[in-house]
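A short worksheet on the structure shown next.
Derivation of every value follows stated rules applied to the coordinates shown; laboratory data play no part. This structure is a prediction, so every number in the text was calculated from the model and none was measured. For neighbour counting, all protein chains shown are included, and Cβ atoms are generated from backbone atoms with ideal geometry for every residue, glycine included.
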Amino acid sequence: MDTLSAADKKFRNYFSAPSERQVMNIEYSVLGNYHGKGILAGNTEMHFRKGIEEGFDGFKADMRFSSDGEIVLCHDSGYTFTQDGKITGFNKENFTSIHDMSFSQIRDLEFEHPFAGESLRPCTLDTMLSICEQSDSIAYLTLRSEPWRSEVAKRMVQSLIAHNMQHRTIINLFTGEKEAVTCVATLLPGLVYCNTRWPGEPLTPELIDSSATDGYQIICLHAGQLETVTPENLERATARNIRIWTWGVNNAKDCATNIAHGITGFQMFTRDVNNSVIAELLK
């Protein structure tokens, strides 16, 4: 039997104690500016380590599969390169698919922009999970490699067990992919699942009921749908053991508005709103 750490118990308590006022704050994984200090690529080791320094509960990572079956973390489906072969901003019209590159090819790549004088390279799932394990952070993993869904799930589960992260991981899926929940839950029961919705998709009683039936514990709405987080919908979600989160929040003012509406979790786009800021908002 696995022994739960204090961090594991805190994570589980969030889902088992709806009456307590808790907010979970996950750092998002996009390429962006880090407090004006330069561009810090998401899904890199430096990105995750800076998130620890900033006091986030956990980190979002996006899983893709290399041509030889290794998980590489990348938000987009491939890389766009500069003339000298460095990774730059993603261009949908001109990119090389991660599925078409070997693991060794990807690991040898370097991002165009260093951070604080240090070059940045693509990160593996094992490196990210090792950071989470050592820092008591939450792993928030997005399944993105659609043609490889079952293989990604199998490889991911191996890594979760190897790093003892099976009690502190959220599997993030877009718009209710029930098949992926079933696949992962068969391989490793007891994980937490998030049903992330696209912009324009409101919170409805039907969405709450279907999410609960399909095995989700979180519904993550775009912040533009906050008006649909009504007291009635929140009550229904709580009764079905569903937590309501938002993504696309960019500042402390919007964060405060979300919390006032009953939001209890974020995929946070800005590093200016960390746990110390949220703690002040909850007072």
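Magnitude of the charge dipole for the stretch 25-189, about its Cα centre and with charges confined to Cβ atoms of Lys, Arg (+1) and Asp, Glu (-1), is about 240 debye. State, to one decimal in nm², a quarter of the convex hull surface area for the C-alpha atoms of the stretch 25-189, i.e. the direction-averaged projected area. For the stretch 25-189, averaging the hull's shadow over all directions gives 9.8 nm². Placing unit charges on the Cβ atoms of the charged side chains and taking the dipole of the chain about its Cα centre, the candidate lying farthest along the positive direction among T124, N25, I87 is N25. Only the Cβ atoms of Lys and Arg (+1) and of Asp and Glu (-1) were treated as charged; on that basis the dipole of the chain about its Cα centre amounts to roughly 480 debye. Near M165, within a Cβ-to-Cβ distance under 10 Å, what is the net charge of the other residues, with Lys and Arg +1 and Asp and Glu -1? Summing Lys and Arg as +1 and Asp and Glu as -1 gives -1. Its DSSP H runs of at least 4 residues, each contributing -39,500 (n - 2.57), put the calculated 222 nm mean residue ellipticity of the chain at -9500 deg cm²/dmol, to the nearest 500. Close amide H pairs (under 5 Å, H built 1.01 Å from N) link C74 with D62, M63, R64, residues at least 5 positions away or on another chain. Shown for the chain is the translational diffusion coefficient from the Stokes-Einstein equation, using the Kirkwood radius over Cα pairs, a temperature of 20 °C and a viscosity of 1.002 mPa s: 111 µm²/s. For the peptides 214-225, 131-142, the ranking by mean Cβ contacts within 10 Å, running from highest to lowest, is 131-142, 214-225. For the chain, the relative contact order comes to 19 percent (Cα pairs under 8 Å, sequence separation of at least 6).
A simple charge model with +1 on the Cβ of Lys and Arg, -1 on the Cβ of Asp and Glu and nothing else charged puts the dipole of the stretch 145-189 at about 160 debye relative to its Cα centre. For N274, neighbours were defined as the other residues whose beta-carbon sits under 14 Å from its Cβ, and their charges (Lys and Arg +1, Asp and Glu -1) total -4.
The GluC sites (Glu not before Pro) of the stretch 48-114 that meet both conditions, a loop assignment by DSSP and at most 13 other Cβ atoms within 10 Å of the site Cβ, are E93. Run down the lysines and flag those whose C-alpha is under 28 Å from the C-alpha of K253, throwing out any fewer than 8 positions away in its chain. Result set, ordered by chain and number: K10, K37, K50, K60, K283. Here's how it looks for R243: its modeled amide H is under 5 Å from those of I218, I219, which are all 5 or more places away or on a different chain.
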